[in-house]
Amino acid sequence: MEITQAKVIRISQKTNGRCFYCNSKKAVEVDHFISKSKWKEWDLEGTPLKGELNTIKNLFLACAECNRSKHNKCPEDFFGNSYKIWNRYYRANKRIGLQQNN
Ligand SMILES: [Zn+2]
């Protein structure tokens, strides 16, 4: 599924229009939380992200700098703290009504 304008609006609501990673107001890009290259190993039964790569749950607004430096890294590796990044992930998705298991 493609990333439509309507999707981008919902995605930006998750972080109030700010970069998911650094809170910058210059968030202009849509980042795949789990990157395309990592998707195959993640798209497994029982993971919170089961489903398609471009599901809203997996997409976050990011500034150009964060998006560049994150690139294909795992979110934990980029952010440096696994607990914090997943906590942030769940809170941001909950903000727009997305639950952990759907
Ligand atoms: Zn950023």
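The values are calculated or read from the model by the stated rules, or taken from the named source; none is laboratory data. Predicted, not measured: the structure shown is a model, and the values here were computed from it. Methodologically, a virtual Cβ is constructed for each residue, glycine included, from the backbone with ideal geometry; neighbour enumeration extends over all protein chains shown.
Quick look at the values:
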item	result
Tally, over region 61-83, of residues that are within 10 Å of the ligand (Cβ to nearest atom), without any contact (Cβ under 8 Å) to a residue 40 or more places away in the chain and either closer than 25 Å to Ala6 by Cβ or touching a Ser or Thr at 6+ places or on another chain (Cβ under 9 Å) (or both)	2
Residues (more than 17 Å from Trp86 (Cα to Cα), modelled with pLDDT of 80 or more and either more than 14 Å from the chain's Cα centre (by Cα) or not in a loop (DSSP other than H, G, I, E, B) (or both)) located in region 38-63	Cys63
Filtered residue count, region 20-37, keeping only those that are more than 11 Å from the chain's Cα centre (by Cα), farther than 16 Å from Val8 by Cβ and in contact (Cβ under 8 Å) with a residue 24 or more places away in the chain	4
